[in-house]
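The values are calculated or read from the model by the stated rules, or taken from the named source; none is laboratory data. Values in this document were obtained by computation on a predicted structure and should not be read as measured data. Using ideal geometry, Cβ is built from the backbone for each residue, glycine included, and neighbour counts are taken over all protein chains shown. Ligands, DNA and RNA are excluded from the accessible area calculation, which covers all protein heavy atoms including side chains. Shrake-Rupley method; radii C 1.70, N 1.55, O 1.52, S 1.80 Å.
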Amino acid sequence: MKKKLKQILLIDDSVSDNFIHARRIRNVNVTESIITKKNGREALDYLTEELPNNQYQQPELIFLDINMPVMNGWEFLDEYDKLMDKQKALVVLAMLTTSTAESDKEKAKNYGHLSTFLEKPLKEEDLLSIIQKHFPRLMEEE
Amino acid sequence: MKTSEPHQRQQKILRALIAGALVLLVMFAVAFFNQLRIGTIRDTAGDTLGLERNLAAILTAVKEGESSERAFLLTTDDAYLAAYKNGKQQAFNNLTEARQQLTVLQRPSLSIDTLQVAITEKFATLDQRVASVRASAANGPLVAEADRKLTAQITHTINRLSEGERRQIAELRTRIDRMHKLTAGLLLFSLFALFGLIYYLYTRYYPLVLQVAQSIERRDDEIDQRRIAEARALTLIDALKSKNKELDHFAYIASHDLQEPLRTVSNFIELLEEEQGHNFNEDANTYVNFINQATDRMRELITQLLRYSQIGRDDESQRVDLNESVAMALINLRPVIQESSARITVQLLPNIEGHPVELTELFQNLLGNAIKFTPPGRVPIITVTNSVKNNEVTIDITDNGIGITKVARGKIFNMFSKVHPSGAYQGHGIGLTFCRRIIELHSGRLTLLPAAEIGSTFRFTLDTYVYEKEIKADITD
């Protein structure tokens, strides 16, 4: 049995997008669990929720939508920056909608931990290449 | 008609004024000369009066001389002799004066001559008597008959003369009186004439004055109304501007938000194909294809709508070299130009104040259309000509393409309208709508020139200046 990620966090207000993304992630079979949160605020609450043994959820990979109610992707990133390292994920990836892609890419230059942009919806090939790029060891052991 | 009427009336009034002024002038002249003549006559009357008094003085002097002589004859007192001599001297002096006065009055001196002879004779007689008395130192004959006669003659002559002069004076007085009356009458008449003239002018001019006052009032009203209308127009313009902004914003929001559900539809179709595709029969595949085509087209339409709503939104206008805009458009069109081997001639274009990205898109759309709507097998020949006049450049883009039919002419500028059967020519039917919007952004108009034998010509204008800033400044002032 190949090694999997412990947890992937999807932050997106679109139920249908979450459904599709969760389904495709499950199809490529790279993680033990998939958690979905509807906006930045809920996601922050989830990340900062303390578990027994001074542990945190700490998902390895976060897919972040930008355009969300309550707390959007940019606001989330501002808050995320202030978290302790053990609360943070290994990789955060922003997902962009085509219509706002250009202006959002401009803005994203101000956020250091965002180097990759993905266009929604994610495809299975996209997921595989992301895993290969950020978690090469998972692919090796396959 | 209307213009000549007041003119004629003015002529009439002018004539009346001149006539009135002439009459007044004549009357004043007559009165003036009359007054001058009264002065002369009065002088004459004064002279005549002086003459009359002189004549009286002559008589008195002669009589005094005679009585002094008589007193001397009786008393041989030298004092009386001196008084006699004095009287004689006085008589002759007055006589000389009277003669002069007669000359001044231009009267015949005949009677004064007679008088002088009589007086001279009289005093000669008296002198003789005085001399004889002094010689003999005795009393002489007191009054001779001849002497008495002489005195009577002198008295008579003087009285006659005086009478004449008095008559003369009375006559002159009557004349003066008459002339005074004439002057007064003339002045009174002039006064009436003056009043008449003033009244005439008043009746003639009062309606004019009224008219002028009314027209001034009317004009003030018009100015007020125009000002109100202007203010209303400005408010309307403001309202329209904000409505336009709202519409643009609406188009933006709508097109943006429409993408979400559309994306969901296409995403799930994709998922359906991925997961259930192997179970699809031929019919199911056809359905899915139709759905995909529809979502593709809708996505494209929404994207175009979004772009349309964003024309002129982001950037300020700046100096744009239209030659560069065309050059950029040609670079973007390079593949189609090469494919069709189109020949494009561009006349040197001016610089304008505008939006560079939109202007490039404008040329790209129109040139692209010109190439696209050329029948297969024909080499597209396109010319871009222009002329500048009054801060406005007019640009013609002429092609040798399929042209535009009469029926199609009314439709081509409508959004999403395609006049060719689906599939004959590719496109979204939005190009010309884009063009028109971009041209309107530059205060211009897009028209299609009347159909020629072959091809078509799109003509559009662009303002070389953007007035928007100035208008805004005016409103805030």
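Quick check on my filter: what residues within region B:293-321 are open to solvent by less than 40 Å² (accessible area, probe 1.4 Å) and more than 14 Å from chain A (Cβ to nearest Cβ)? The answer is B:I311, B:G312, B:S317, B:V320. Annotation: of all residues in region A:1-55 being open to solvent by less than 60 Å² (accessible area, probe 1.4 Å), within 14 Å of another protein chain (Cβ to nearest Cβ) and in contact (Cβ under 8 Å) with a residue 60 or more places away in the chain, the one that is nearest to B:F268 (Cα to Cα) is A:I20. Tally up the residues in region B:225-261 that are over 21 Å from B:Q310 (Cα atoms) and either among the charged types (D, E, K, R) or within 14 Å of chain A (Cβ to nearest Cβ) (or both), please. Final tally of qualifying residues: 5. Evaluated against (1) closer than 23 Å to B:S67 by Cα; (2) at pLDDT below 85, B:T155 falls short on exactly one condition, (2). When B:Y205, B:Y199 are checked against the criterion of being modelled with pLDDT of 85 or more, closer than 21 Å to B:I13 by Cα, part of a helix (DSSP H, G or I) and open to solvent by 30 Å² or more (accessible area, probe 1.4 Å), a single residue qualifies: B:Y199. Please indicate, with yes or no, whether at least one residue in region B:87-97 is more than 17 Å from B:T120 (Cα to Cα) and either out of contact with any helix residue (DSSP H, G or I) (no Cβ under 6 Å at 6 or more places or on another chain) or surrounded by 12 or more Cβ atoms within 10 Å (Cβ to Cβ) (or both). No, there is no match, as no residue in region B:87-97 is more than 17 Å from B:T120 (Cα to Cα) and either out of contact with any helix residue (DSSP H, G or I) (no Cβ under 6 Å at 6 or more places or on another chain) or surrounded by 12 or more Cβ atoms within 10 Å (Cβ to Cβ) (or both).
Under 8 Å between Cβ atoms, which residue pairs at least 6 apart in sequence (or on different chains) link something in region B:270-287 that is away from chain A (no Cβ under 14 Å) with a partner that is part of a helix (DSSP H, G or I)? Pairs that qualify, where the first residue is away from chain A (no Cβ under 14 Å) and the partner is part of a helix (DSSP H, G or I), are B:F280/B:E273; B:F280/B:V288. Here is a check on your reading of the model: is A:L128 out of contact with any Leu (no Cβ under 6 Å at 6 or more places or on another chain), crowded, with 16+ Cβ neighbours inside 10 Å and at pLDDT 85 or above? Considered against the rule, which asks whether it is out of contact with any Leu (no Cβ under 6 Å at 6 or more places or on another chain), crowded, with 16+ Cβ neighbours inside 10 Å and at pLDDT 85 or above, A:L128 comes out as no.
Within region B:340-354, the set of residues being closer than 24 Å to B:I412 by Cα and open to solvent by 20 Å² or more (accessible area, probe 1.4 Å) comprises B:S340, B:I344. If you go through region A:119-138 and keep only what is away from chain B (no Cβ under 14 Å) and of a type outside the set (S, T, Y), you end up with A:L128, A:I130, A:I131, A:Q132, A:K133, A:H134, A:F135, A:P136, A:R137, A:L138. Condition check: of a type in the set (V, I, T) and within 30 Å of B:L150 (Cβ to Cβ). Does B:T76 satisfy that? Here the answer is yes, as B:T76 does meet what is asked. The condition (being open to solvent by 80 Å² or more (accessible area, probe 1.4 Å) and out of contact with any Phe, Trp or Tyr (no Cβ under 7 Å at 6 or more places or on another chain)) is satisfied by just one residue among B:L172, B:L182: B:L182. Only a single criterion out of (1) open to solvent by 40 Å² or more (accessible area, probe 1.4 Å); (2) within 26 Å of B:A131 (Cα to Cα) is not satisfied by B:Q106, namely (2). If only residues of region B:407-424 that are open to solvent by less than 50 Å² (accessible area, probe 1.4 Å) and in contact with a helix residue (DSSP H, G or I) (Cβ under 8 Å, 6 or more places away or on another chain) are counted, the one that is modelled with the highest pLDDT is B:I412. Of all residues in region B:332-355, those that are without any contact (Cβ under 8 Å) to a residue 40 or more places away in the chain and either in contact with a helix residue (DSSP H, G or I) (Cβ under 8 Å, 6 or more places away or on another chain) or of a type in the set (A, V, I, L, M, F, W, C) (or both) total 6. Summed over region B:251-290, residues that are surrounded by 12 or more Cβ atoms within 10 Å (Cβ to Cβ) and not in a helix (DSSP H, G or I) total 1.
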